[in-house]
1. Out of (1) in contact with a Phe, Trp or Tyr (Cβ under 8 Å, 6 or more places away or on another chain); (2) within 28 Å of Ala150 (Cβ to Cβ); (3) assigned by TED's automatic domain parsing to the domain that holds Lys314; (4) not hydroxyl-bearing (Ser, Thr, Tyr), what's the single condition that is false for Arg197?
2. Test of understanding: among Glu227, Glu234, Glu151, Glu238, which residue is acidic (Asp, Glu) and more than 29 Å from Gly331 (Cβ to Cβ)?
3. Give segment 66-105 a look and list any residue that's out of contact with any strand residue (DSSP E or B) (no Cβ under 9 Å at 6 or more places or on another chain), hydrophobic (A, V, I, L, M, F, W, C) and either under 26 Å from Pro142 (Cβ atoms) or without any contact (Cβ under 8 Å) to a residue 40 or more places away in the chain (or both), or say none.
4. Check off (1) on the phi < 0 side of the Ramachandran plot; (2) free of Cβ contacts under 8 Å to residues at least 60 places away in the same chain; (3) not in a strand (DSSP E or B) for Leu56 and give me the number that stays unchecked.
5. Condition check: outside any loop (DSSP other than H, G, I, E, B), surrounded by 16 or more Cβ atoms within 10 Å (Cβ to Cβ) and acidic (Asp, Glu). Does Glu86 satisfy that?
6. Tell me yes or no: at least one residue of segment 246-256 is at pLDDT 95 or above, buried (at least 20 other Cβ atoms within 10 Å of the Cβ) and not in a strand (DSSP E or B).
7. Condition check: surrounded by 14 or more Cβ atoms within 10 Å (Cβ to Cβ), within 12 Å of Ser93 (Cα to Cα), out of contact with any Gly (no Cβ under 6 Å at 6 or more places or on another chain) and of a type in the set (Gly, Ala, Ser). Does Ala50 satisfy that?
8. State yes or no: is Glu44 free of Cβ contacts under 8 Å to residues at least 40 places away in the same chain, acidic (Asp, Glu), touching a Lys or Arg at 6+ places or on another chain (Cβ under 9 Å) and surrounded by 14 or more Cβ atoms within 10 Å (Cβ to Cβ)?
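The values are calculated or read from the model by the stated rules, or taken from the named source; none is laboratory data. In this text, all values refer to a predicted model and were calculated from it rather than measured experimentally. Reconstructed Cβ throughout: ideal geometry from the backbone, glycine too, with neighbour counts over all protein chains shown.
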Amino acid sequence: MRDARLEKFAKVLVHYCLGLEKGHSLLIRGETVAAPLVHEVYAEALRAGAHPMLRLALPDMTETFYNNAKRHQLEHASPFAQHEIENIDRLMSIRATDNTKAMSNIDPKRQAVARKSQTTWMQTFRDRSAAGDLRWSLTQYPCSAYAQNAEMSLSEYEDFVFRACMLHRKDPVAAWRSVHRKQAKFCKRLDQAKKLRIVREGTDLTMSVAGRTWINSDGRTNMPSGEVFTGPVEDTVEGRVRYSFPAIWGGREVHGIELTFKKGKVVKATAEKGQDFLHATLDTDEGARFVGEVAVGTNYNIQKFTKNILFDEKIGGTVHIAVGASYPQSGGKNTSSVHWDMITDMRDGGRIYADGKLIYKDGQFIFG
């Protein structure tokens, strides 16, 4: 039986998130687990007059690659992937899998080698996105593996995903436009700031954001969304941050991360679990030890940590500080094959100061 919510979801993705029009080329990527939503997006794209193409992966194909690839295959920069990202008009990525732990035992050094081979592809993606030449969206199909990670039944997880995307609302697009207007006020105030200080238990971090642009993430590129973010001035991050939740990267969970920054660079990194993997990832390339993004999560429909960064970084009342690549549209200049979001809970005693003035307390902006 078809789920009517998926039809509604596809309409939001195609028209609001992607702004798909007649003649646009659209690449839809995902695993076969996501086939029901892929089908709805494909059909809606055709009705919009676009030219949809499918890139469906079988379960555990990434694990198969890392277990079997030789060094030259890990280092291979695919010209097909490069051509694709240079020429498509729209990109729709739909997350779903049968096994969220498939990469848990893959050597992080092999993953680092493969990520380096993708640097040019990823930079082209970021540059085209920043220029407005490529519009993209990332979302989640509610499947059993992610429901298990979230410690929910599948039906509970479906409700969680659809509510986070505001599909429970009669007019989800109107709801997201309201989010845009509210967050625009936050961005306007933050664009005036030169220096930020983020404080909570175990965290006291300062950075310059002078001349950088705060981006209003209103559901168009990430669905769900609900955050405002920028790239700090690369060599200005100073102090210490303790992350509240496990940080997940490449199928690995790292718990109890604490990072110390000096002149923008991570000079000390510890973890209660997964410290070797943390160090290996930070050593992927020079840019992996610098902050590429500082962001405030504003989606108060999301209050539970579910081990899925698409949702977790949007938790209303949190801050995430990502090491690695910046988003060029923010003015950030850091380059890396890594972009690892790590989350700090600000809901109990967290504060943000802009140029010495308190603007955020206990998980809420106190202006606007």
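1. Going through the list (1) in contact with a Phe, Trp or Tyr (Cβ under 8 Å, 6 or more places away or on another chain); (2) within 28 Å of Ala150 (Cβ to Cβ); (3) assigned by TED's automatic domain parsing to the domain that holds Lys314; (4) not hydroxyl-bearing (Ser, Thr, Tyr), Arg197 breaks only (2).
2. After applying the criteria, what remains is Glu151.
3. Phe80, Ala102
4. Leu56 satisfies all of (1) on the phi < 0 side of the Ramachandran plot; (2) free of Cβ contacts under 8 Å to residues at least 60 places away in the same chain; (3) not in a strand (DSSP E or B) except (3).
5. no
6. yes
7. So Ala50 fails the test.
8. yes
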